[in-house]
Amino acid sequence: MAGENGYIVDVKELTKKFGNFIANDRLTFNVSPGEIFGFLGANGAGKTTAIKILCGLSSPTSGEATIAGYNVYRETEKIKQNIGYMSQQFSLYEDLTVYENFRFYGGIYGLSRKVIRKRTEELLHELNMEKVKNRVIHSLPLGWKQKLAFSVAIIHQPKLIFLDEPTSGVDPITRRQFWEMIYKTAQDGITVFITTHYMDEAEYCGRVSIMAEGKIKAIGSPNDLKSQYDAHNMNDLFIKLVRN
Amino acid sequence: MRTIGFILQKEFIQIFRNKTMLPIIFIVPVVQLLILVHAATFDMKHIDMYVVDKDLSSASRQLVSKFEGSPFFFVNQQSFSVENGEDHLITNEADVVLHIHEGFEKDLMVQPGTKSQAKMQLLINAVNGTKAGLINAYSTNVIADFRKEIIKSENLIAKGEIPSAINVNFSHWYNPELNYKIFMLPGILVILITIIGMFLSALNLVREKEMGTSEQINVTPIRKYQFIIGKLLPFWIIALFELAIGLVIGYFAFSVPILGNISTLVLFAAIYLFAVLGIGLFISTVSSTQQQVMFVSFFFMLTFILMSGIFTPVESMPGWAQNLNIINPFAYFIRVIRMILLKGSDMIDISREIVSMSLYALISLSFAVWRYRKVA
């Protein structure tokens, strides 16, 4: 299930350079199975670079990292089988129906047609969206698409899901529903690794890390961090850490 | 295998759901074939001739009426001024000026023993060299005919004055009527299926990059070869289908003979399409937008087409250009499709091309799979 020391994400001294620019500077952190881990940071702090490495989309310059026990240098395809990923750039096929999207992604994760049908029904039922099963994605509102994209990302029941700013651009009600989905997912035992710019959302995470200029400035539970840095709320904390 | 099945299912749904795709696949090639084949003919049926007859004799009139009687020439203007004729050449109202000098008949009917030559002149617009060459050849034929008649009527041979000319008999093999359409149709068909196959598959793959869905694909455990095959097969099938449509149109609308074995042709086309689709996919793996794909593919297409010998004989190109055609997939297919359809060549005749094309397909597909990166 997880790596040697029980962590599902285990990162040590992870560094990524683009020429002279250091996008990730010796990141060290870990995430336990079932956690909701918030990966915070300002724009350009290097969050997306780090997530791409952890998903097996890009190779680190130095350092070590294992995801679900698999090495990010050598076992990227095994990592990919065990994770789900939902990016800020919306990525369901607009010209396919809801069901066709579920079927396609389920298919390439190796699920049988029978299992795909069953999982699709379960997931659509949870979303209360059975009615739109045969609607083309392109005809649905953004908030619905985001929720569907989340469901598609967990159709193969991964051990870990990466959510890269999943709630940007959706209304507060949908955001709330989205977080309900995230909690439900974590209860089902799927570890959630999420980035966000909404500091109220950061409060919902079990633990968070805050990045600035390629480095992790602080890591811990929201309450611990707030008292440690003498901040009223996460917003305050974020500004304090990122400014310095 | 199952994974490829899921990709194919998705690709076909997307292709047939796209409203602009269906006309591109079914209507455009048919229309183009019906029009382009007529447009790309080298037959000259209508040469505008300007006549300057300064002799006004029965011989000169006989010559002019010979031109008028020819199916190729159309005598539309006449005057006594060569300058006027030149003006018509400049304004493109005439393709050729026939200038018959004064005393033409007298010189022609000259008495035995004297040395005199009948004088006439052809001024040909040679901006288009091929066309000028044809006008020259046609005119020479008409004039030679005229000469023969004169000789006959004056009975010069009997008088022992002029040796009879060597008579060459022609026999045009494989295309006895010198019908340009049946020569051009296979070539244009090759262009069409290549455009459909190469462009559509290349654009399709890069569209996923533009939409952001390729990033999602890249975080799945899909194998590179599975993805490339999934992207390739639909357009391979569609292009082969286009070939079938094209052959039906060729057979019924243009009476293109199908002398060779259709299955040999399909076999070669199948290999050929793997090669060009591989090129298309390779281009799309190194591009990030549809514009880039369009420009790069267009560059290759144009080069391949013009070098391939579809419009001009390869044999008339300089040696280095002929050698370049070794890497031109078009040149192979044009040669093979003409050999099979018009000459009835069989598998053994094209075995070298089959081997070369298979190697080509292997290389271009390997490049596409190799260059496709599952990274963001």
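Observations, loosely collected:
- Residue in region B:254-264 that is in a helix (DSSP H, G or I), in contact with a Phe, Trp or Tyr (Cβ under 9 Å, 6 or more places away or on another chain) and farther than 20 Å from B:ILE25 by Cα present: no
- Flag for A:ALA23 being in contact (Cβ under 8 Å) with a residue 12 or more places away in the chain, closer than 13 Å to A:MET211 by Cβ, over 15 Å from the mean Cα position of the chain (by Cα) and part of a loop (DSSP other than H, G, I, E, B): no
- Count of region A:71-110 residues, restricted to those that are outside any loop (DSSP other than H, G, I, E, B) and more than 30 Å from A:ASN5 (Cα to Cα), is 12.
- B:PHE333 fulfils the conditions (1) assigned to a helix (DSSP H, G or I); (2) surrounded by fewer than 20 Cβ atoms within 10 Å (Cβ to Cβ) except for a single criterion, (2).
- Residue selected from region A:28-50 under the condition within 12 Å of the chain's Cα centre (by Cα) and of a type in the set (Phe, Trp, Tyr), by the criterion farthest from the other protein chains (Cβ to nearest Cβ): A:PHE37
- Residue in region A:131-139 that is away from chain B (no Cβ under 13 Å), at positive phi and either surrounded by fewer than 19 Cβ atoms within 10 Å (Cβ to Cβ) or part of a strand (DSSP E or B) (or both) present: no
- Taking region B:117-131 as the range and being modelled with pLDDT under 85 and under 15 Å from B:ASP48 (Cα atoms) as the test, the residues that pass are B:ASN128, B:LYS131.
- Selected residue [away from chain A (no Cβ under 14 Å) and under 30 Å from A:THR76 (Cα atoms)] from B:LEU273, B:LEU247, B:LEU281, B:LEU267: B:LEU281
- For region A:51-70, filtered to residues that are more than 27 Å from A:ILE137 (Cβ to Cβ) and assigned to a loop (DSSP other than H, G, I, E, B), the residue that is nearest to the other protein chains (Cβ to nearest Cβ) is A:SER58.
- When region B:23-61 is filtered for residues that are among the aliphatic types (A, V, I, L, M), more than 33 Å from the chain's Cα centre (by Cα) and not in a loop (DSSP other than H, G, I, E, B), the ones remaining, listed by number, are B:VAL51, B:VAL52, B:ALA59.
- Subset of region A:84-102 (residues that are crowded, with 23+ Cβ neighbours inside 10 Å and more than 7 Å from every other protein chain (Cβ to nearest Cβ)): A:GLY84, A:MET86, A:LEU92, A:VAL98, A:ASN101, A:PHE102
- Tabulated pairs, region B:365-376, first within 14 Å of chain A (Cβ to nearest Cβ), second crowded, with 21+ Cβ neighbours inside 10 Å and among the basic types (Lys, Arg), C-beta under 6 angstrom, 6+ apart or interchain: B:ALA376/A:LYS52
- Candidates B:ALA94, B:ALA118 - the one that is surrounded by 18 or more Cβ atoms within 10 Å (Cβ to Cβ) and closer than 16 Å to B:LYS148 by Cα: B:ALA118
- Residue that is nearest to A:ILE155 (Cα to Cα) [pool: residues in region B:209-235 that are touching a Gly at 6+ places or on another chain (Cβ under 8 Å) and away from chain A (no Cβ under 11 Å)]: B:LEU232
- Residue, farthest from the other protein chains (Cβ to nearest Cβ), within region A:71-83, restricted to residues that are surrounded by fewer than 22 Cβ atoms within 10 Å (Cβ to Cβ) and closer than 20 Å to A:PHE150 by Cβ: A:ASN82
- Among the helices (runs of 4 or more DSSP H) confined to region A:152-244, the ones with at least 1 residues that are of a type in the set (Gly, Ala, Ser) are located at A:172-187, A:199-202, A:222-228.
- Filter result (surrounded by fewer than 21 Cβ atoms within 10 Å (Cβ to Cβ) and within 11 Å of chain B (Cβ to nearest Cβ)) within region A:110-120: A:GLY110, A:SER112, A:ARG113
- Residue in region A:180-190 that is of a type in the set (S, T, N, Q), farther than 30 Å from A:LYS118 by Cβ and out of contact with any strand residue (DSSP E or B) (no Cβ under 9 Å at 6 or more places or on another chain) present: no
- Scanning region A:104-135 for residues that are β-branched (Val, Ile, Thr) and at pLDDT 95 or above gives A:VAL115, A:ILE116, A:THR120.
The values are calculated or read from the model by the stated rules, or taken from the named source; none is laboratory data. In this text the structure is predicted, and so the values were computed from the model without any measurement. Cβ sites come from the backbone with ideal geometry, for glycine too, and all protein chains shown count toward neighbours.
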